[in-house]
Amino acid sequence: QVQLVESGGGLVQAGGSLRLSCAASGSIFSINAMGWYRQAPGKERELVAVSSNGEIINYGDSVKGRFTISRDNAKNRVYLQMNSLKPEDTGVYYCNADTKVPLTSIRRVYWGQGTQVTVSS
């Protein structure tokens with residue numbers, strides 16, 4: 001089991017910045033990748049950014065050049081620096097951990113409780 005706790009959401013004006021943080025605990029040795037997803041009202045959850053243990057990073061098209069994901073493996077944390085925020089970035093942001101049970105092919109995905117980000121125009 002992996003537990004994820006997000007922090008750092010809030011209300012910001014368009015053009016502003018926020019930094020989200022996610023702390024992982026539990027079976028952290030099984031984590032292959034950590035990332036961020038978001039869900040706006042009435043829309044499906046979408047990828048924001050993901051960072052694998054092999055340091056491969058992917059971003060959703062709508063955030064490229066504005067958001068940066070980073071990991072501090074010593075602290076078991078993943079961060080999302082969000083710059084040049086737009087009203088369409090508004091939504092609940094979820095931390096995600098993709099894990100593999102050691103010595104098996106079993107993959108499990110864990111989610112945090114989410115943190116609200118609201119960007120006003």
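The values are calculated or read from the model by the stated rules, or taken from the named source; none is laboratory data. Computed from a predicted structure; not experimentally measured. Virtual Cβ from ideal backbone geometry, glycine too; neighbours counted across all protein chains shown. In case anyone asks, the SASA skips ligands and DNA or RNA and just uses the protein heavy atoms, side chains included. Shrake-Rupley method; radii C 1.70, N 1.55, O 1.52, S 1.80 Å.
Within the bounds of region 59-74, is there any residue that is of a type in the set (Asp, Glu) and open to solvent by less than 40 Å² (accessible area, probe 1.4 Å)? No, region 59-74 contains no residue that is of a type in the set (Asp, Glu) and open to solvent by less than 40 Å² (accessible area, probe 1.4 Å). Taking the criterion of being of a type in the set (Val, Ile, Thr) and over 15 Å from the mean Cα position of the chain (by Cα), the residues of region 3-37 that qualify are 12, 28.
Kindly indicate whether any position in region 36-44 is of a type in the set (Asp, Glu) and either closer than 30 Å to residue 104 by Cα or in contact with a helix residue (DSSP H, G or I) (Cβ under 7 Å, 6 or more places away or on another chain) (or both).
no
Residues in region 1-58 that are touching a Ser or Thr at 6+ places or on another chain (Cβ under 9 Å), free of Cβ contacts under 8 Å to residues at least 40 places away in the same chain and polar (S, T, N, Q) were compared, and the one that is farthest from residue 101 (Cα to Cα) is 58. Entry remark, region 111-121: residues being surrounded by fewer than 14 Cβ atoms within 10 Å (Cβ to Cβ) and under 15 Å from the mean Cα position of the chain (by Cα) number 2 in total. When every residue of region 87-110 is checked against the conditions, at least one turns out to be open to solvent by less than 30 Å² (accessible area, probe 1.4 Å), out of contact with any Lys or Arg (no Cβ under 6 Å at 6 or more places or on another chain) and over 20 Å from residue 4 (Cβ atoms). Collect the residues in region 28-42 that are open to solvent by 30 Å² or more (accessible area, probe 1.4 Å) and farther than 12 Å from residue 89 by Cα, keeping them in residue-number order. Residues satisfying the conditions are 28, 29, 32, 42.
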